[in-house]
Amino acid sequence: MKKISNRVNRSASGGPRKSRDKIDKVKNLNITSLVDILTILLVFLIKNISVDTLRLTVPENMDLPSTVYTEDLESSGQAVVIKLYTDQILVGAENIRVGSLDSFLNDAKVRREMLSFMNEQTHLITSQEGDLKPLLLIQADTRIQCRYITDVVALGATAGFTSIYFSSVKGEDPIATYGIGDKGA
């Protein structure tokens, strides 16, 4: 015997029946938090882009200093090296000791000796053939106060140095950079 089906298709489109729950969930999708996150990201990106632009913009009529290796300056024959330590000042390639930092500031004799040395060096450099210009290279310990360096710069300008360079160590940790060993060792 044949069985008669009493199943009736009640959908309007004539296809399979769709559930209303899924449609309601899609309609009630809340995107407020998504918009908030995107706004925060946009503000963050705009701020970082504008800061990078400020770093790269060079004002008119401003020449930024260039980087030169110490070895290049010393081998050029036109650089005079002054090394400032916490307990002493050494001048020239021969590391001649002129005194301490305090004696440099307070003793006129030490200042005259240093100025005399600098004047001799500038005269030697300018008297050589070619258009050599005397350069002063200052190497200072990180613990040296700025007032000492400022006075050395003023003395160098008085002696006729056309350019004054400051030596720095490449890298954040000079002990690790040069492989000297541990700080505690």
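The values are calculated or read from the model by the stated rules, or taken from the named source; none is laboratory data. What you see is a predicted model, and the numbers here were worked out from it, not measured in a lab. Here Cβ is always computed from backbone atoms with ideal geometry, including for glycine, and neighbour counts include all displayed protein chains.
Modelled with pLDDT of 90 or more, surrounded by fewer than 13 Cβ atoms within 10 Å (Cβ to Cβ) and farther than 24 Å from Q145 by Cα: does that describe T53? No; evaluated as a whole, the condition is false for this residue.
Any chance segment 98-107 includes a residue that's aliphatic (A, V, I, L, M) and not in a helix (DSSP H, G or I)? Yes: one or more hits. With respect to (1) among the polar types (S, T, N, Q); (2) within 31 Å of the chain's Cα centre (by Cα); (3) over 15 Å from D87 (Cα atoms), the lone exception for T126 is condition (2). For segment 133-143, a tally of residues being surrounded by 16 or more Cβ atoms within 10 Å (Cβ to Cβ) and part of a loop (DSSP other than H, G, I, E, B) returns 1.
Is it the case that D141 is at pLDDT 80 or above, under 28 Å from D63 (Cα atoms) and out of contact with any strand residue (DSSP E or B) (no Cβ under 6 Å at 6 or more places or on another chain)? So D141 fits the description; yes.
Across segment 98-127, the qualifying residues are those that are out of contact with any strand residue (DSSP E or B) (no Cβ under 8 Å at 6 or more places or on another chain) and of a type in the set (G, A, S), and the one among them that is farthest from V153 (Cα to Cα) is S127.
Considering segment 61-94, the residues that are polar (S, T, N, Q) and at pLDDT 85 or above include one that is surrounded by the fewest Cβ atoms within 10 Å (Cβ to Cβ), namely T86.
Applying the set (1) over 31 Å from the mean Cα position of the chain (by Cα); (2) surrounded by 11 or more Cβ atoms within 10 Å (Cβ to Cβ) to D151 leaves exactly one unmet item: (1).
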